[in-house]
Amino acid sequence: MDLSAISPTLLVASLMVAATPILLAAIGELVVEKSGVLNLGVEGMMIMGAISGFAAAVLTGSPMVGFLCAALGGAALSIIFAILTQYFLSNQVATGLALTLFGLGLSAMLGQSYVGIKPPVSAKLELPLISDIPVMGPILFSHDFTVYAALTLVAGVWWFLKYTRGGLILRAVGESHDAAHALGYKVVRVRILAIMFGGACAGLGGAALSLVRVPQWTEGMTAGSGWIALAIVVFASWKPARVLLGAYLFGGVAVLQLNLQAAGVSIPVEYLSMSPYLITIIVLVVMSANRSKLVLNAPAALGRVFHASR
Amino acid sequence: MLRLEKRPNPSKMWGYLAPVLAVIATMIGGGVMFALLGKDPFEAIRTIFYDPLFSEFAWYYRPQLLIKGAPLILIAIGLSMGFRAGIWNIGAEGQYIIGAICGAGAALAVYPFDSALIFPVMILCGAIGGFAWAMIPAILKTKFGTNEILVSLMLVYVAEQLLASMSLGLMKNPEGFGFPGSRNLQQYASAHNAELWAGSGIHLGVVFALIAVIFSYIMLARHQMGFHIRLTGESPKAAKFAGVNPNKLVIYCLGFSGALAGLAGMFEVAGPSGQISIDFNVGYGFTAIIVAFLGRLNPFGIMLAGLLMALTYIGGEIAQSSLGLPSAAIQAFQGMLLFFILALDMLTNFKIKLVNAEVRT
Amino acid sequence: MKLKSILAIALLAMTAATGTLADTTKVGFVYVGPVGDGGWTYEHDKGREAVVAAFGDKVETMYVESVPEGPDAERVMTDMALKGADLIFTTSFGYMDQTINVAAKFPNVKFEHATGYKQSDNVSVYSARFYEGRAVQGHIAGHMTKSNIVGYIGSFPIPEVIRGINAAYIHAKAVNPDVQFKIIWAYTWFDPTKEADAAKVLIEQGADVVLQHTDSTAPQAAAQAAGNVITFGQASDMAAYGPKPRVSSIIDNWGPYYIARTQAVMDGTWASTSTWDGIGAGMVGIGEITSAVPADVKASAEALRDSLADGSYHAFTGPLNKQDGSVWLKAGETAADYAGPEGLAEMGFYLEGLDSEVPN
């Protein structure tokens, strides 16, 4: 056993990278859920983003175009969900599950000719001097841009929900679609936009996997990341800043587990791996035990079907 | 301008017609997809839908439909009770795993002791395991108001990790050359959930699925609990006035679905699957949610939906081996089928009306 | 009901018989992953393509990919047998009991189960001595490491993987007594994300050589991004990552075996066997050692490879002690394949010098 081999600095730096795909997907899903829609198809949208981004980056040679197409790919898939749940009033749980199934299948078909190809390299932020500062350098100033993009997005969503009129409308729709409708807000339109935003974010998260973290394309490569993103939203009790905390917790446990193993510590891997989920449940319980707080956070209309009768 | 208008009562006609239309639409959409992949669309569709039922080897495939469909139906029946009452257990996959672990654990604990009592005890353990796992979200919901969708979902991942731990540790076959996975229960006569008639596909899990269908039909139609479930689903307020205890309902619905999912897991591990292994669960718990909705939460509808789903799995495999279709195409095809069914389902509850744009307020 | 099942079995036998009479030989393949995994299943499918290339119109192959290990596998195999397959390759350890079950129902169909240990009259087993390739990798790794830390990504703690770790370790230590192995168990055969993370962690903890017993190229990409790290292709050549980080590879080469077994079925000479072939028979291929490796190291690695191939050297030759210091092989003694827990087939212990523990 050699715990000194684990560098806390590198641990934090690598957990930030590991957390980025799930952070992107989770912040998108948070907006979707805040609008009162539960989309369980995150996994499907992520993997669609992973392949669309990968294919576009390989074809154009530009990772930036790749990320753009990943967002479009994720959003395109989410439109199916939006149309089914908002216009055809289908059940959100079942539709989300079907979306995951469809996304996994479609992405694997699209990706058949991209197996074993190397994508263009996404540039890292390498600031001379600043990146070399001990501790702070590796943690704050030496990542590829997705890490910063994800953090910016989290801040943006926080600001949007808290300080803008649009955020207020979104929350109102998620609290009570009937009341929002009565006030003249376009419930369906707001929700569709939120769903597409969630799809785009999940797509970016998928591309962060296929273009940066892994980087390559293989079938089913998201391997459950989309479900973790769903867990993080709950863990965060629908607060953007806590989404960051949740993503770093889930990413951190994954990285820490590997670090402990490499250092020769015998750990029961399975029990460590289940801990973030158990923590999420505990957070949920604590949060819901305090009902006044719950009302403030959890969108009351989550998962309910809205149909304006007139 | 098209407009939706809610029907006062769900349409009977569309109730039958919508799924048929959805299957036809999927055949067209899927046919286009298969044609794009360079396969003969007619042959592909025939292979998926017709061959398992009527081809030369249908005598083998038909029983397989039962084997594949039974766990889906058993789980979906349990889930449908809660779904009707607005209680969302989406963690059946976890309850299925725990049921299998408990059922197999009971047998492995006494291996190689032979007794006619072992199998009934396994059934009991499987049901209790699934029930107990479902009680976690149930109690948290009744005590603290915690959202059961999320807790039950989280517990799926916990159960998967437990399964991995069991396959690699406690339940690992001591004669298995160090490979993960338990002893094969098919080779342990007292614990084997064998086919009741060889080659029929009918094992005890199939029988239980059928009983569950009939039981839940009678309960929903005749029993007070069924009435409470339906009432709560239609109008929670009315149910409150009628004296329905919502906490009791939560415990009942989650417990019932958990026990059935646990049973499904136990029958699977003792029969068709045979052993606890890391990849034991293949998504029945999630697919069953879709099956429940495809069957419109109606017991007999669920039975048909479960068989339809099994048909696409088995037909899909046949299409892979005989036509060389990639498995991804089959997955996308299934997804498409679900989309169409979910979309067209609307026609049973809503009328589409053509309205003049000017009338719009 | 009794009568019906007898009829069913008779029908099974008949269809199987007519299958053999036809002049094309039908060969089925059951895959555990997608053919696009770039590793394990990809190489088996290349073996299938080799069969098609060798026999042309005389064979008809069919395959089903991503088949879960369980009742689905049993159904897929039965389906293939019903469609007249003469020979079926089941390419994952987890298909073992299913293969035996289905084979019992179709006595005229031949089955070949990869990496298992259960045989019957119409079930052969076959596997490759990947540990011979690991010995070559260990040799190169021992020479090349500057930090004296070699990272190793394991899949599951099963004999095959433990053998590989031991083989790599003793050959690394033979040329570099200070070498240290850091081992991470990924508990998956194929999960690019996890493999990438594991490789990064090993590199962060000082490893400048990463060996992998998981099938994706993700560790190669991680090593490339990190810079001065070398890797070895696994299952498949992974030449896209050469000449560096990938400096060599272990290639699963199933083609020759699949062709030989298909030929045996055509000739009517097929018999149930247990095959465990290594570099010599061509089942384990050593990918080209690239220019990133100094010429003398390359030469000695190739000499090691050749001595393993012609049988003049066994990868596990004593004196070798177990991790706890007890004697496993005396000087000059070589390891037996089958000798209970002491034999290679069931190897569940580390050798002396490795400092982590085998998880259980």
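The values are calculated or read from the model by the stated rules, or taken from the named source; none is laboratory data. This structure is a prediction, so every number in the text was calculated from the model and none was measured. Using ideal geometry, Cβ is built from the backbone for each residue, glycine included, and neighbour counts are taken over all protein chains shown.
None of C:A260, C:A222, C:A271 is within 12 Å of another protein chain (Cβ to nearest Cβ) and of a type in the set (A, V, I, L, M) except C:A222. Exactly one residue out of A:L77, A:L101, A:L97, A:L68 is buried (at least 21 other Cβ atoms within 10 Å of the Cβ) and modelled with pLDDT of 95 or more: that is A:L77. Consider region C:158-183 and keep the residues that are touching a Gly at 6+ places or on another chain (Cβ under 7 Å) and within 13 Å of chain A (Cβ to nearest Cβ). The one that is surrounded by the most Cβ atoms within 10 Å (Cβ to Cβ) is C:I183.
Restricting to region B:290-303, what's the tally of residues that are part of a helix (DSSP H, G or I) and touching a residue at least 40 places away in the same chain (Cβ under 8 Å)? Steps first, please.
Going through region B:290-303, the residues part of a helix (DSSP H, G or I) turn out to be B:290-294, B:299-303.
Right, trim to touching a residue at least 40 places away in the same chain (Cβ under 8 Å) and you get B:290-294, B:299-300, B:302-303.
Summing the residues that are part of a helix (DSSP H, G or I) and touching a residue at least 40 places away in the same chain (Cβ under 8 Å) in region B:290-303 gives 9.
When you check C:V293 against the structure, is it of a type in the set (V, I, T), within 14 Å of chain A (Cβ to nearest Cβ) and not in a strand (DSSP E or B), yes or no? Spelling it out, it is not the case that C:V293 is of a type in the set (V, I, T), within 14 Å of chain A (Cβ to nearest Cβ) and not in a strand (DSSP E or B). Here B:T287 clears all of (1) in contact (Cβ under 8 Å) with a residue 12 or more places away in the chain; (2) more than 13 Å from the chain's Cα centre (by Cα) except the condition numbered (2).
Quick grid of which residues meet (1) of a type outside the set (K, R); (2) part of a helix (DSSP H, G or I); (3) within 30 Å of A:I117 (Cα to Cα); (4) within 13 Å of another protein chain (Cβ to nearest Cβ):
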site: C:G47; (1), (2), (3), (4): yes, yes, yes, no
site: C:V51; (1), (2), (3), (4): yes, yes, yes, no
site: C:Y63; (1), (2), (3), (4): yes, no, yes, yes
site: C:I88; (1), (2), (3), (4): yes, no, no, yes
site: C:G94; (1), (2), (3), (4): yes, yes, yes, yes
site: C:N108; (1), (2), (3), (4): yes, no, no, no
site: C:Y117; (1), (2), (3), (4): yes, no, no, yes
site: C:R134; (1), (2), (3), (4): no, yes, yes, no
site: C:A141; (1), (2), (3), (4): yes, yes, yes, no
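Yes or no, residue by residue, for (1) in contact with a helix residue (DSSP H, G or I) (Cβ under 7 Å, 6 or more places away or on another chain); (2) over 13 Å from C:Y95 (Cβ atoms):
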position	(1), (2)
C:K26	yes, yes
C:D37	no, yes
C:Y42	yes, yes
C:D45	yes, yes
C:V52	no, yes
C:D57	no, yes
C:T61	yes, yes
C:P68	no, no
C:E74	yes, no
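For region B:1-56, the set of residues classified as free of Cβ contacts under 8 Å to residues at least 40 places away in the same chain and either within 14 Å of chain A (Cβ to nearest Cβ) or part of a strand (DSSP E or B) (or both) consists of B:P8, B:V32, B:A35, B:L36, B:G38, listed by residue number.
Conditions (1) surrounded by 21 or more Cβ atoms within 10 Å (Cβ to Cβ); (2) modelled with pLDDT under 80; (3) within 7 Å of another protein chain (Cβ to nearest Cβ); (4) out of contact with any Lys or Arg (no Cβ under 8 Å at 6 or more places or on another chain), marked per residue:
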residue	(1), (2), (3), (4)
A:V243	yes, no, no, yes
A:G246	yes, no, no, yes
A:F250	yes, no, no, yes
A:L256	no, no, no, yes
A:L260	no, no, no, yes
A:V265	no, no, no, yes
A:I281	yes, no, yes, yes
A:V285	no, no, yes, yes
A:S292	no, yes, no, yes
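Which of (1) under 30 Å from C:G84 (Cβ atoms); (2) modelled with pLDDT under 95 is the odd one out, the single condition C:P245 does not satisfy? It fails just one condition, (1). Among all positions in region C:203-225, there is at least one residue which is in a helix (DSSP H, G or I), touching a Gly at 6+ places or on another chain (Cβ under 8 Å) and of a type in the set (A, V, I, L, M, F, W, C).
Which one of C:T217, C:T188, C:T193, C:T231 is in contact (Cβ under 8 Å) with a residue 60 or more places away in the chain and polar (S, T, N, Q)?
Testing whether each residue is in contact (Cβ under 8 Å) with a residue 60 or more places away in the chain and polar (S, T, N, Q) leaves just C:T217.
For region A:220-230, name all the residues that are aliphatic (A, V, I, L, M) and surrounded by 24 or more Cβ atoms within 10 Å (Cβ to Cβ). Answer for region A:220-230, where residues must be aliphatic (A, V, I, L, M) and surrounded by 24 or more Cβ atoms within 10 Å (Cβ to Cβ): A:M221, A:I228, A:A229, A:L230. When region B:280-334 is limited to residues that are of a type in the set (S, T, Y) and touching a strand residue (DSSP E or B) at 6+ places or on another chain (Cβ under 9 Å), the one that is nearest to C:P34 (Cα to Cα) turns out to be B:S327. Scanning region B:252-295 for residues that are within 28 Å of B:L337 (Cα to Cα), among the hydroxyl-bearing types (S, T, Y) and within 14 Å of chain C (Cβ to nearest Cβ) turns up B:S273, B:Y284, B:T287. No other residue among B:I314, B:I278, B:I251 is touching a Pro at 6+ places or on another chain (Cβ under 7 Å), β-branched (V, I, T) and surrounded by fewer than 22 Cβ atoms within 10 Å (Cβ to Cβ) apart from B:I278.
Which one is farthest from the chain's Cα centre (by Cα), of the residues in region A:1-54 that are closer than 23 Å to B:I289 by Cα and either of a type in the set (S, T, Y) or assigned to a loop (DSSP other than H, G, I, E, B) (or both)? The residue in question is A:G36. Return the residue satisfying two criteria in turn: it lies in region A:161-177 and is touching a residue at least 24 places away in the same chain (Cβ under 8 Å) and assigned to a helix (DSSP H, G or I), and of such residues it is nearest to the chain's Cα centre (by Cα). Per the stated criteria, the residue is A:L161. Only a single criterion out of (1) farther than 23 Å from B:P71 by Cα; (2) aromatic (F, W, Y); (3) surrounded by 13 or more Cβ atoms within 10 Å (Cβ to Cβ) is not satisfied by B:F241, namely (3). Residue count for region B:280-320 under the criterion of being within 15 Å of B:K68 (Cα to Cα) and among the small types (G, A, S): the result is 8. Applying the set (1) closer than 30 Å to C:V27 by Cα; (2) assigned by TED's automatic domain parsing to the domain that holds C:V175 to C:P243 leaves exactly one unmet item: (1).
Within region A:153-160, the presence of at least one residue that is modelled with pLDDT of 90 or more, closer than 30 Å to A:G61 by Cβ and among the aliphatic types (A, V, I, L, M) is confirmed. Does B:I330 count as facing another protein chain (nearest Cβ under 10 Å) and among the hydrophobic types (A, V, I, L, M, F, W, C)? When the stated conditions are applied, B:I330 passes them. Go through C:G287, C:G255, C:G278 for me and flag whichever is of a type in the set (G, A, S) and in contact with a Leu (Cβ under 7 Å, 6 or more places away or on another chain). Of C:G287, C:G255, C:G278, the one residue that is of a type in the set (G, A, S) and in contact with a Leu (Cβ under 7 Å, 6 or more places away or on another chain) is C:G278. So, of the residues in region B:138-158 that are more than 9 Å from every other protein chain (Cβ to nearest Cβ) and of a type outside the set (S, T, Y), which turns out to be farthest from B:Y96 (Cα to Cα)? The extreme case among them is B:I139.
Tell me, please, whether a residue that is over 29 Å from C:I230 (Cα atoms), surrounded by 17 or more Cβ atoms within 10 Å (Cβ to Cβ) and among the aliphatic types (A, V, I, L, M) can be found in region C:349-357. No, region C:349-357 has no match at all. Return a yes/no flag: does region C:236-250 have any residue that is buried (at least 24 other Cβ atoms within 10 Å of the Cβ), of a type in the set (D, E) and either assigned to a loop (DSSP other than H, G, I, E, B) or touching a residue at least 40 places away in the same chain (Cβ under 8 Å) (or both). No - not one qualifying residue is present in region C:236-250.
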